[in-house]
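Below: one structure, written as structure tokens.
What follows is calculated from the coordinates using simple rules that are stated; it is not laboratory data. Quick caveat, the model's predicted, so the values are computed rather than measured. As a convention, Cβ positions derive from the backbone with ideal geometry for all residues, glycine included, and neighbour counts pool all protein chains shown.
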Amino acid sequence: MSAMLSIRDLRKTYEGGFQALKGVTLEIEQGEIIALLGPNGAGKTTLISTICGITTPTAGEVTVGGHDILRDFRAARGLIGLVPQEIALEPFERVLNTVRFSRGLFGHRRDEALIERILRRLSLWDKKDAQVKELSGGMKRRVLIAKALAHEPRVLFLDEPTAGVDVELRKDMWDIVAELKADGVTIILTTHYIEEAEAIADRIGVINRGELLLVEQTSALMSRLGKKQIEVQLSAAISAIPPTLARPGLSLAGEGDVLVFEYDTQAERIGLTGLLNAIAAAGLVLRDVNTRQSSLEEIFVDLVSEETP
Amino acid sequence: MNWGAIAAIYRFEMARFFRTMLQSFLSPVLSTSLYFVVFGTAIGSRIEQVEGIGYGGFIVPGLIMLSVITQSISNASFGIYFPKFIGTIYELLSAPVNFLEIVLGYVGAAATKALFVGTVILCTAALFVDFQIAHPLAMVAFLLLTCLSFALLGFIIGIWAGNFEQLQLVPLLIVTPLVFLGGSFYSITMLPPVWQTITLFNPVVYLISGFRWSFFDTADVPVGLSLLAIGGFTFLCLAVIWWIFRTGWRIRS
Ligand SMILES: Nc1ncnc2c1ncn2[C@@H]1O[C@H](COP(=O)(O)OP(=O)(O)O)[C@@H](O)[C@H]1O
Ligand SMILES: [Mg+2]
């Protein structure tokens, strides 16, 4: 099966000469949820805007459902729903009208039943006749989502959908994303919150300075996260690990005075007691012990800071 | 063609118009009445006739043109500037629509509103003065073409404008003088010869002259030339808009 969204060597240089995307390549399967993590200014919004037609690509190729976003823009854009990062809504318009408008703009027939379903799902039905300007920030964000869903997109872009929204809406949003996925909708979302990416994404991509640094299955990233290290400081250096101590995951570090044991917290038998007993039996004296766990946050910070000169 | 999109934009824009229906209706009625009180009565009592037509009737086509032109421009320029200003243009740019569909939606709505105002003025004027319409079909055609072409110009202004000041400045500094000096309230044959020649460079002269011909069967410039001028102007605006969307000028970074 070919990818639902295929991005090949996408580059974007803004008018002032600033290179916001430096060759991004990424394939996303149908029904997949991918979270793009990255600090402010990484190029997440630029990536989405370029795919959706809000900015023009400088180089590279993007297809959506097999349709080129430039040559075959109608078919490509027809598949896409976009929830932008900034709230942008006509203030005097009524909720129902603005959602109807979005559906019409994509050339679809009126479908009041569908729009009612969407508004109800987003808890907006009792606000359908309210003017947009009367709504709270969270409600406005729901309207943006309703607009994006009004034309039944197959690919949905959510640009920082939960930035600055309350806990309730955030949980609600996660549920909606899960429901859409069940319907086979492909979802690309950007976020600052690592736990959010963890909670809902199948894959996580890390983007910084216009480059995609890593794309990995969330579960693979999580198992890295599940790794823990114990560092045993010895009072005297040794030249090699004594044969009685040797076991998988153990290595000698520092100047021969640190034993590092890497283990999986999720494993059934970790063997910590055995290790410590063996160290004592080998006649080695401990000076200090500490443990550390690499979090996704840490992996992320490592990746990003490698980039920064 | 994405007809659904054109209809959606058109309806959305017209909804804005209907929200302010009372204002859209009352203000042309009021201003027309004032014009007739001031020009028709005060000046008309001095100027009996222009080219064999009573002055009150003579200014009707000019009055309509003045309003229709300013309305077309302001409606269309605001219509497209506002989404740019508040950011909702993202939705247009990411929708499966091409430039022609966006233009048809916005310009169509702006032209409709202007047409409505023009009709209101025509009816109000009929309450004050007697006049006949010699060529009704030509009258409607001129009116439609004027609404359309100046709505196109307004659309360009709306895309070009970087702030609300610029949005108002062009109509104020360029269009209003052109319309006033275009023979709205007088025949250019009343001007000294030098000014008559200069006036011929004012495109609005051709419009008003043609429009007035459709009422009274007399014109400052040949009717064919009027049609050619307005046709050329429409085409020029379309070409500029086509270029704007091709290059993404001021809308797509
Ligand atoms: N229209 C623009 N013109 C010039 N530079 C821009 C424009 N939009 C964004 N940028 C720059 O591109 C970089 C990436 O921005 P953006 O894609 O918004 O990042 P993110 O969404 O990851 O925070 C930033 O350095 C930003 O300043
Ligand atoms: Mg962003």
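Here are the numbers for the structure shown:
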| read-out | value |
| --- | --- |
| The one condition in (1) within 14 Å of chain B (Cβ to nearest Cβ); (2) basic (Lys, Arg); (3) closer than 24 Å to B:ARG250 by Cβ that A:ARG110 fails to fulfil | (3) |
| B:LEU225 vs. criteria assigned to a helix (DSSP H, G or I) and either buried (at least 20 other Cβ atoms within 10 Å of the Cβ) or more than 16 Å from the chain's Cα centre (by Cα) (or both) | yes |
| From the options B:VAL37, B:VAL60, B:VAL29, residue that is buried (at least 21 other Cβ atoms within 10 Å of the Cβ) and closer than 21 Å to B:ALA126 by Cβ | B:VAL60 |
| Meets criteria (surrounded by 13 or more Cβ atoms within 10 Å (Cβ to Cβ), touching a helix residue (DSSP H, G or I) at 6+ places or on another chain (Cβ under 7 Å) and more than 14 Å from chain A (Cβ to nearest Cβ)) for B:PHE245 | no |
| Selection count where residues are within 15 Å of A:SER6 (Cβ to Cβ) and within 8 Å of chain B (Cβ to nearest Cβ), scope the stretch A:77-106 | 1 |
| Residue selected from the stretch A:19-38 under the condition within 11 Å of ligand 2 (Cβ to nearest atom) and within 18 Å of A:GLU216 (Cα to Cα), by the criterion farthest from the other protein chains (Cβ to nearest Cβ) | A:GLY38 |
| So A:ARG117, is it within 30 Å of A:TYR14 (Cβ to Cβ) and more than 8 Å from chain B (Cβ to nearest Cβ) | no |
| Long-range neighbours under 8 Å by Cβ, at least six apart or interchain, first residue touching a residue at least 24 places away in the same chain (Cβ under 8 Å) within the stretch A:46-60, second of a type in the set (Asp, Glu) and within 12 Å of ligand 2 (Cβ to nearest atom) | A:ILE48/A:ASP159 |
| Residue within the stretch A:4-18 that is surrounded by fewer than 23 Cβ atoms within 10 Å (Cβ to Cβ), aromatic (Phe, Trp, Tyr) and within 16 Å of ligand 2 (Cβ to nearest atom) present | yes |
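A quick yes/no check of all residues on (1) in contact (Cβ under 8 Å) with a residue 60 or more places away in the chain; (2) in a helix (DSSP H, G or I); (3) more than 14 Å from every other protein chain (Cβ to nearest Cβ); (4) more than 28 Å from A:PRO91 (Cβ to Cβ):
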{"site": "B:ALA5", "(1), (2), (3), (4)": "yes, yes, no, no"}
{"site": "B:ALA15", "(1), (2), (3), (4)": "no, yes, no, no"}
{"site": "B:PHE78", "(1), (2), (3), (4)": "yes, yes, no, no"}
{"site": "B:PRO83", "(1), (2), (3), (4)": "no, yes, no, no"}
{"site": "B:PRO96", "(1), (2), (3), (4)": "yes, no, no, no"}
